[in-house]
Amino acid sequence: MRRLVFLLAAALTLAACGEEPRPASEPRVRLKLDVPSDGRSVRADRVAVRGKVTPADAAVRVAGADAEVDGGQFFAEVELEPGGNVIDVTATAPGRRAATDAVRVLRDMRVEVPRLVGDEVDAAVTALGERDLRAVEERGGSWLDRLIPGPVSVCATQPRAGTLVEPRSQVVLETARDC
């Protein structure tokens, strides 16, 4: 009885959309996503979506746009929003039931702290600004070092080089004339 109610509801929905109900025995389009893997984290603003579809002449839409299909292989590039993204994929072919899938991708917006040890302070501040990071200088050495002219270099950073931080984070530059 439940199945009959479900089939009736599905037929009424399809009829309301102007589509003919398809028999359950009708073959389904086969869809397999290869790239990206579900739950993947990327730092880029775009991601490639690739996979296979059967029949080879099926039409594939990725994130609402037509994908390139060649010999059963499909490809599309999708622009990512910051944070979590769900990319839906639909494949259709005449005389077959559509297939759908989705993949979740996280766009990681963190910024890598550059290697600055040994750089002069002005160059280090500029390098941090180019990455949307804020520099805070903690000057070491004696009071005499501050009076004598000459270059001051970065001795260490907090957090360390290579660390991923949120944009606009503060990076402490430990500086001195002689590290």
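The values are calculated or read from the model by the stated rules, or taken from the named source; none is laboratory data. Everything quoted here is computed from the prediction, not taken from an experiment. In this analysis, Cβ positions are derived from the backbone assuming ideal geometry, glycine residues included, and neighbour counts consider all displayed protein chains.
If I go through segment 105-132 residue by residue, how many of them are in contact (Cβ under 8 Å) with a residue 24 or more places away in the chain, over 21 Å from the mean Cα position of the chain (by Cα) and closer than 15 Å to residue 159 by Cβ?
6
Kindly establish whether residue 105 is within 30 Å of residue 52 (Cβ to Cβ) and at pLDDT 95 or above.
The answer is yes for residue 105.
Out of all the residues in segment 80-102, which are under 10 Å from residue 63 (Cα atoms) and loosely packed, with under 12 Cβ neighbours inside 10 Å?
Within segment 80-102, just 86 meets the criteria.
Just give me the residues in segment 109-136 being of a type in the set (Asp, Glu) and exposed (fewer than 14 other Cβ atoms within 10 Å of the Cβ), in sequence order.
Hits for segment 109-136 are 112, 122, 130, 132.
Could you list, in sequence order, the residues of segment 66-78 that are part of a strand (DSSP E or B) and exposed (fewer than 11 other Cβ atoms within 10 Å of the Cβ)?
70
Looking at 102, 65, 58, can you tell me which residue is touching a residue at least 24 places away in the same chain (Cβ under 8 Å) and more than 30 Å from residue 153 (Cα to Cα)?
58
Pairs only if they're at least six apart or on different chains, beta carbon under 9 angstrom, first in segment 26-39 and in the same structural domain as residue 77 (by TED's automatic domain parsing) and at positive phi, second aliphatic (A, V, I, L, M) and assigned to a strand (DSSP E or B); list them, first residue then second.
39/103; 39/105; 39/106
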